[in-house]
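Presented below is the structure to which this report refers.
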């Protein structure tokens, strides 16, 4: 059932309906801005909860923020990945974990548009408000081909936001290459093991799969995604379906981290004028060393934002020209996204270092931002060393070591 309703009535809709709604960038930004203060106020509680708070999830869902890059054919609001980047940055600025989860929910609903159309129809059959999680850390994985289906058993870590997920995507490596596989909520169990130094509110728990059968229409050759050759190119209007997925997808994580670094800068800038040096009594902001730290940290975050903005313009140019970027161009974008994280990590360390003894208290947001940025920077999609190595290998005509270019 599809229901058309005025925007003001969205919060009162029953769950499980297929509401079709479209809005532009201005309305999107109004809704996103309205969520920022709520998310920021709830950050300590969300961290203690070790997952996104139910009320926050519900409000983000009802604001249709998870649908911004979802195909319009299946309830999408008519925007694109550009707005997923904005979600990651703005909500990450308020609370890094919420920005991370919200951006992933929106990203994953775009990704479903790459699966076979039969899968898309199945995914959104009951509601347009559906979420998917991915689990990337293999603990134990066994895949058995049994005729047309695949029997799946195993455990995987790092399933961010899985508590609110209706579906789960897993990665399978075969001799022929990688495959993406989609499992329904009834086919996996959540293991509550997410007790970490930071990013606690992402709820990135372990999942267990026992004797789950995956039909062929719920699998996708990762090489099709890597080259921008999925059915999404023909079915849906988003320019990002024309592009290799791995260069632009990494920036979703990067933008959450850039937003977190900007949020840490905001907190530091707000606290600094009220601080005094313990040994001299002088105003903290009068000391040249402190002025240099904030200037350098803000320059690093600004540089990261500009690098990202430049690559987004490049994505638009590639898509509009239906241009297939070279391996070196793809590797360069992935290098840039990882380097932005490196810049933000440097900025976070510098701010925490000069934050003083008061920065270590639980009630001080500086320590939470610092921990969250540190933990998020460990994501395999943005870790500097392997991505930098990959770029250099491609530059020097050596075979790449990973399929995700």
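No lab work stands behind these numbers, since they all come straight from the coordinates. Keep in mind that this is a model prediction, so the values were computed, not measured. Here the Cβ positions follow ideal geometry from the backbone for every residue, glycine too, while neighbour counts run over all protein chains shown.
Overview of results
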{"read-out": "Residue order, fewest to most beta carbons within 10 Å, for 39, 375", "value": "375, 39"}
{"read-out": "Region 132-220: proportion of alpha-carbon pairs further apart than 16 angstrom, %", "value": "49"}
{"read-out": "Cβ-Cβ FRET estimate between residue 292 and residue 316, R0 fixed at 22 Å, reported to 0.05", "value": "0.05"}
{"read-out": "Percentage, to the nearest whole number, of Cα pairs in region 243-395 over 23 Å apart", "value": "43"}
{"read-out": "Helix-only [θ]222 nm of the chain, DSSP H runs n ≥ 4, -39500 (n - 2.57) each, per residue, nearest 500", "value": "-16000 deg cm²/dmol"}
{"read-out": "Label-point separation in nm, residue 389 to residue 144, each point 7 Å along Cα→Cβ", "value": "3.5"}
{"read-out": "Alpha carbon convex hull of region 20-123, projected area averaged over orientations, nm²", "value": "6.2"}
{"read-out": "Order of 253, 245, 191 - criterion: other Cβ atoms within 10 Å of each residue's Cβ, fewest first", "value": "191, 245, 253"}
{"read-out": "Sorted by Cβ density within 10 Å, fewest first, the residues 156, 100, 167, 396", "value": "396, 167, 156, 100"}
{"read-out": "Sites residue 191 and residue 280 - FRET efficiency at Förster radius 60 Å, r taken between beta-carbons, to 0.05", "value": "0.70"}
{"read-out": "Region 223-271, Cα convex hull volume normalised per residue, Å³", "value": "69"}
{"read-out": "Value of Rg to Rh for region 57-216 (Rh from inverse mean 1/r over Cα pairs, i.e. Kirkwood)", "value": "0.97"}
{"read-out": "Solvent-free Debye scattering, log10 I(q)/I(0), computed from the Cα coordinates of region 214-304 at q = 0.23, 0.25 Å⁻¹", "value": "-1.10, -1.18"}
{"read-out": "Relative contact order for region 313-405, counting Cα pairs under 8 Å that sit 6 or more residues apart, in percent", "value": "36"}
